[in-house]
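Reviewing the structure listed below.
Read-outs: derived from the displayed coordinates by stated rules, not from any lab. The structure presented is a predicted model; accordingly, all values stated were derived computationally and were not measured. Neighbour counts are summed over all protein chains in view; Cβ atoms, including those assigned to glycine, are modelled from backbone coordinates with ideal geometry.
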Amino acid sequence: MINPMSVEPVISLCGVSFSYGNMPVLENVCLDIGPRESVCVVGPNGGGKTTLVKLILGLLTPDAGEIRVLGRRPWQARLNVGYMPQHVLYDPQFPVTAMDIVLMGRLGRQGFTGFLGWPNRADRHAALEALRQVDMEEDCRLPFASLSGGQRQRVLVARAICNRPELLLLDEPTSNVDTLMGSRLWDLLRELNRRMTILMVTHDLGFVSNLVEKVICVNRRVVVHPTSHVTGEVISDIYGSDVRMVRHGEHLKVDHSHE
C-alpha cells in the first residue's frame, strides 16, 4: 500500500481558475491525486468536467494557479499520459485501420523514426497487445469507419493504453459500450490500475462504484468525496436539481434531464 503522504502526487492543481472569455468555468480548484489512485469526475453538462481534463492534458492554460502532472508541467508529461476523448471527429473516407488508430498512441517517441512517426516492431507489438486487451485484435485490419460505435470506443481505449502510460484519462469510456463490454472494460481498468493512475469522466456511477476510490464533483468549483460518501443527496447537490438513478442491466446511471 502506497503512503499518500510520502510520494509526489501524479496530478496536482493549486488555486486553478479558468474562464472562457468573461464566463468563469472553474474557480480556485485545489486537487491532488496520488500514484495508482482511481477517481471519477462527475457533474452537470457545462460544469467544467471536460475543461478540467483539458487543463490536466495541457490543452488549456489556466488563468490562475498551478498544475503539475507527474511532477512536471502538463505539456512536458504528455508522453506518459494516455487519453481517450469522448468524441472523435474523423473523415470516414480516409483509409485508416483500427491498427493505424492505435499506433497513433505511440507517436512522439524519441529518436529519428519516432519523430517521423514510423512505427517499428516494438510499436506494432504494443499496439497488438493493447488491441488484445480490449478484444479487438482480430479486427485490427478493419477500416475504422466500418466499426460500430462500441468497437470504435474500444479501439480508442487501446490507443490510450498502448504507450503504457503512468496516467490514464478517460472521457465517458462506457458510452456506446454494451453491458458485456462494460464488464470487460471494468476488469481491464482494475488490472491497469495496479500500475497506473486512472481518472475518468462518467455519469455511469454504477460502473465506477467498485473501481474508484474518490469522486471529484465538478460544478464550477471542485469537491472531492470518498466513493462511499456519494449518496443520492450528494448527487442532487452536484447536478443542482433532482436526479434519478436509472438502472440499465447491472449499471446505474445518473439521469438529470427534466421531465
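By the count of other C-beta atoms within 10 Å, a proxy for reagent exposure, 60, 169 are ordered fewest to most as 60, 169.
Classify region 47-184 as rounded, prolate or oblate, taking a ≥ b ≥ c as the square roots of the eigenvalues of its Cα gyration tensor: rounded when a/c is under 1.5, otherwise prolate if a/b is larger than b/c and oblate if not. Cα axes put region 47-184 in the oblate bin.
Note on residue 75 and residue 120: the model spin-label points, each 7 Å out from Cα along the C-beta direction, lie 2.7 nm apart. Extension gain, residue 64-residue 14: 0.36 nm per intervening residue step, less the Cα-Cα distance, totals 17.1 nm. The stretch between residue 94 and residue 28, if pulled fully straight at 0.36 nm per residue, gains 19.5 nm over its current Cα-Cα span.
Seen from residue 16, the other residues with C-beta closer than 15 Å to its C-beta sum to a net charge of +2, counting Lys and Arg as +1 and Asp and Glu as -1. With θ taken as phi - 60° and the Karplus curve 6.51 cos²θ - 1.76 cosθ + 1.60 applied, the whole-hertz 3J(HN,Hα) list for region 156-169 is 5, 5, 4, 4, 5, 9, 6, 8, 6, x, 8, 9, 10, 10 Hz, x standing for glycine and proline.
The fewest-to-most ranking of 179, 51 by surrounding Cβ atoms within 10 Å reads 179, 51.
On the beta carbon distance between residue 183 and residue 132, with R0 = 22 Å, the FRET formula returns roughly 0.80. Using a cut-off of 13 Å between beta-carbons, work out the net charge of the residues near residue 83 (Lys and Arg +1, Asp and Glu -1, residue 83 not included). Neighbour charge sum, excluding residue 83 itself: 0.
Taking 7 Å steps out from each Cα toward its Cβ at residue 195 and residue 107 produces label points 2.5 nm apart.
Within a Cβ distance under 10 Å of residue 129, other residues only, what is the Lys/Arg minus Asp/Glu net charge?
For residues surrounding residue 129, the net value is +2.
Sorting 54, 49 by the number of Cβ atoms found within 10 Å of their own Cβ, with the fewest placed first, yields 54, 49. Inter-label distance, residue 221 to residue 7: 3.1 nm, where each label sits 7 Å from its Cα along the C-beta direction.
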